[in-house]
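Peer 1: Let me begin by handing over the structure; questions about it come next.
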């Protein structure tokens, strides 16, 4: 990698790379059901930057939220601000099974070559009942992957144990065994359309439904072998491998606006602005002062005030 | 009193201690309203730990940090869930659940996985008193392999595979709402999660309200009465009952009272830390009012101000 590309890459966190690449999958006007964390940030970037008419939905029952901040949980109260509809999980997922959700965003832990995902448990030397690592389970992901018209998986790519031959537990149905197997299982949604990571974008072959590497960031053009090495099976790479733009200035501006706590900019929890307020106030010594509450309050309120009046697109 | 008798009373007001003692018995199954960040009645979770409830089955679409708290408190022997919060704010808080699953500490924990919509369908079936509901959610995945309560069959009309979720009817559900009257007409604002069907699926329903209001206030906005009085067995008025998390339109924070939340998360990194936290914040307080006193009323009012800057209930 030459020096110029190295410097370019170092401006972004892996999460920012994945989120910005993922946001570009949303088309303006689409109904987008988002999960939490990275997938929520991704939907919100799209709405701020290029899809102002997208209707963002969360499973807690928030429909058409404006996204005044990236949500930690699907029912964060600030997610309910400026919604056009408050309803139930029951209704949202019924609407999804009916076919109203154009695209769903979810993260993944283990994924196989047909886009099936495990977010339930890593068995390790144990089993389902006594796993080495218990994960979050389905959440809305099992429902979104079943019924959204298309599904986008998003996460930061790890060296091993992520793109695997065999899942410990299939939590999100993708294309099952490939070819027509998803259709034969009577799943209503269209299945995964893309897997977005900080190392590239993967898509699925039309016939076989096998995953292939479709796009990479400019600094990874010569690193395709390295990416293939992170995948347990023999990963196919498209002949006309595309180069994706690094995060664009407007996308980075969106992240800044959406994320005053810098969750997606500063990896270490204790180095973020909110934690600094708490540490300065003596949190580790068990102290709790009104000043901590007031400063954290002001940090978010000032950001929300700006966002409430923001015209879209930014 | 028989099931029906509780529901027909005109004044259902009780204290939280009474409600937990009356409706939740060892070995029962139960659910909680709301979910992760909003409208989850943490005060009830703390109270059932104080009352040393045992061998409970918790069934819900999503479990937040209150579940980890209840498992650490030794209350839970079975979880039937669509979502577990095992990691938050970049910190793992899975030690308590893993110890229970793997080592049976403080007691063995059985787990059943569903998707959230499957659970909503189970609650819906119970809410209509029919044996099961069907859904396409989870077809082709591994739920059926490990969860023996759900089945797959071909539907008799089109002969295509469909998942059948049996009626799920918890013995009791505790639902945090923003406001309710004495008879139990309960209004919800913001997120609803699956409380529309859960409130009808439970044998007994306890409303935990942030504010007790007159029926005239309820009548002004009848569309927000998610749970009408005929579903309800008891009404408890408890302020800040979702603390350390939020309650839409009442009090917020950055998804939670971030100060309390981070203390909680740092403590729950290990099971031992969780026990120390329980000693201080649950066993160390007599009830919700002492708990609030310990958090600090002035601090809590700052969270009210924060929420009101973006969401307000219609008055």
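The values are calculated or read from the model by the stated rules, or taken from the named source; none is laboratory data. Quantities reported herein were computed from a predicted structural model and do not represent experimental measurements. Note: ideal-geometry Cβ built from the backbone for every residue, glycine included; neighbour counts use all protein chains shown.
Peer 1: Is at least one residue of region A:36-58 under 19 Å from residue A:157 (Cβ atoms) and facing chain B (nearest Cβ under 10 Å)?
Peer 2: Within region A:36-58 (the criterion being under 19 Å from residue A:157 (Cβ atoms) and facing chain B (nearest Cβ under 10 Å)), the answer is yes, since at least one residue qualifies.
Peer 1: Separate question: Does region B:97-109 contain any residue that is buried (at least 19 other Cβ atoms within 10 Å of the Cβ), over 16 Å from residue B:147 (Cβ atoms) and under 19 Å from the mean Cα position of the chain (by Cα)?
Peer 2: yes
Peer 1: Pick out the one residue from B:31, B:22, B:57 that is under 26 Å from residue B:182 (Cα atoms) and assigned to a strand (DSSP E or B).
Peer 2: Details: B:22 fails: assigned to a strand (DSSP E or B); B:57 fails: under 26 Å from residue B:182 (Cα atoms).
It is B:31.
Peer 1: Can you tell which of B:63, B:19, B:35 is surrounded by 23 or more Cβ atoms within 10 Å (Cβ to Cβ), more than 14 Å from chain A (Cβ to nearest Cβ) and in contact with a strand residue (DSSP E or B) (Cβ under 8 Å, 6 or more places away or on another chain)?
Peer 2: Working: B:63 fails: more than 14 Å from chain A (Cβ to nearest Cβ); B:35 fails: more than 14 Å from chain A (Cβ to nearest Cβ).
Among B:63, B:19, B:35, only B:19 is surrounded by 23 or more Cβ atoms within 10 Å (Cβ to Cβ), more than 14 Å from chain A (Cβ to nearest Cβ) and in contact with a strand residue (DSSP E or B) (Cβ under 8 Å, 6 or more places away or on another chain).
Peer 1: Here's a follow-up. Taking region B:165-202, which residues are out of contact with any helix residue (DSSP H, G or I) (no Cβ under 7 Å at 6 or more places or on another chain) and surrounded by fewer than 20 Cβ atoms within 10 Å (Cβ to Cβ)?
Peer 2: Those that are out of contact with any helix residue (DSSP H, G or I) (no Cβ under 7 Å at 6 or more places or on another chain) and surrounded by fewer than 20 Cβ atoms within 10 Å (Cβ to Cβ): B:171, B:182.
Peer 1: Would you mention how many residues in region B:207-240 are on the phi < 0 side of the Ramachandran plot and either touching a helix residue (DSSP H, G or I) at 6+ places or on another chain (Cβ under 7 Å) or modelled with pLDDT under 95 (or both)?
Peer 2: 12
Peer 1: For residue B:210, all conditions in the list (1) free of Cβ contacts under 8 Å to residues at least 12 places away in the same chain; (2) more than 21 Å from residue B:10 (Cβ to Cβ) hold save one; what is the number of the exception?
Peer 2: So residue B:210 meets the others, but not (1).
Every residue, every condition in (1) modelled with pLDDT of 95 or more; (2) touching a strand residue (DSSP E or B) at 6+ places or on another chain (Cβ under 7 Å); (3) crowded, with 20+ Cβ neighbours inside 10 Å; (4) away from every other protein chain (no Cβ under 11 Å), yes or no:
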{"residue": "A:258", "(1), (2), (3), (4)": "yes, no, yes, yes"}
{"residue": "A:263", "(1), (2), (3), (4)": "no, no, yes, no"}
{"residue": "A:268", "(1), (2), (3), (4)": "no, no, no, no"}
{"residue": "A:283", "(1), (2), (3), (4)": "no, no, no, no"}
{"residue": "A:287", "(1), (2), (3), (4)": "no, no, no, no"}
{"residue": "A:291", "(1), (2), (3), (4)": "yes, no, no, no"}
{"residue": "A:296", "(1), (2), (3), (4)": "yes, yes, yes, no"}
{"residue": "A:311", "(1), (2), (3), (4)": "no, no, no, yes"}
{"residue": "A:314", "(1), (2), (3), (4)": "no, no, no, yes"}
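Peer 1: Further question on the same structure: Can we say residue B:140 is at positive phi, surrounded by fewer than 23 Cβ atoms within 10 Å (Cβ to Cβ), free of Cβ contacts under 8 Å to residues at least 60 places away in the same chain and out of contact with any strand residue (DSSP E or B) (no Cβ under 6 Å at 6 or more places or on another chain)?
Peer 2: Values: at positive phi: yes; surrounded by fewer than 23 Cβ atoms within 10 Å (Cβ to Cβ): no; free of Cβ contacts under 8 Å to residues at least 60 places away in the same chain: yes; out of contact with any strand residue (DSSP E or B) (no Cβ under 6 Å at 6 or more places or on another chain): yes.
So residue B:140 does not fit the description; no.
Peer 1: Also, quick follow-up: Inside region B:276-306, can you point out the residues that are closer than 17 Å to residue B:66 by Cβ and crowded, with 18+ Cβ neighbours inside 10 Å?
Peer 2: B:277, B:278, B:281, B:282, B:288, B:291, B:292, B:295
Peer 1: Also, quick follow-up: What helices (runs of 4 or more DSSP H) lie completely within region B:197-297 and have 2 or more residues being within 27 Å of residue B:89 (Cα to Cα)? Quick ask: steps written out before the conclusion?
Peer 2: Numbers: elements: B:215-220, B:258-267, B:271-278, B:288-295.
Fully inside region B:197-297 and qualifying: B:258-267, B:271-278, B:288-295.
Peer 1: Restricted to region A:132-151, and to residues that are surrounded by fewer than 24 Cβ atoms within 10 Å (Cβ to Cβ) and more than 7 Å from chain B (Cβ to nearest Cβ), which residue is farthest from the chain's Cα centre (by Cα)?
Peer 2: A:132
Peer 1: Can you find a residue that is in contact (Cβ under 8 Å) with a residue 24 or more places away in the chain, in contact with a helix residue (DSSP H, G or I) (Cβ under 6 Å, 6 or more places away or on another chain), assigned to a loop (DSSP other than H, G, I, E, B) and closer than 19 Å to residue B:163 by Cα anywhere in region A:131-142?
Peer 2: yes
Peer 1: Would you pick out the residues in region B:192-231 that are more than 13 Å from the chain's Cα centre (by Cα), under 15 Å from residue B:248 (Cα atoms) and within 11 Å of chain A (Cβ to nearest Cβ)?
Peer 2: B:224, B:226
Peer 1: Right, something else. When the residues of region A:156-188 are narrowed to those that are touching a residue at least 60 places away in the same chain (Cβ under 8 Å) and touching a helix residue (DSSP H, G or I) at 6+ places or on another chain (Cβ under 7 Å), which ends up surrounded by the most Cβ atoms within 10 Å (Cβ to Cβ)?
Peer 2: Restricting to residues being touching a residue at least 60 places away in the same chain (Cβ under 8 Å) and touching a helix residue (DSSP H, G or I) at 6+ places or on another chain (Cβ under 7 Å), the top hit is A:172.
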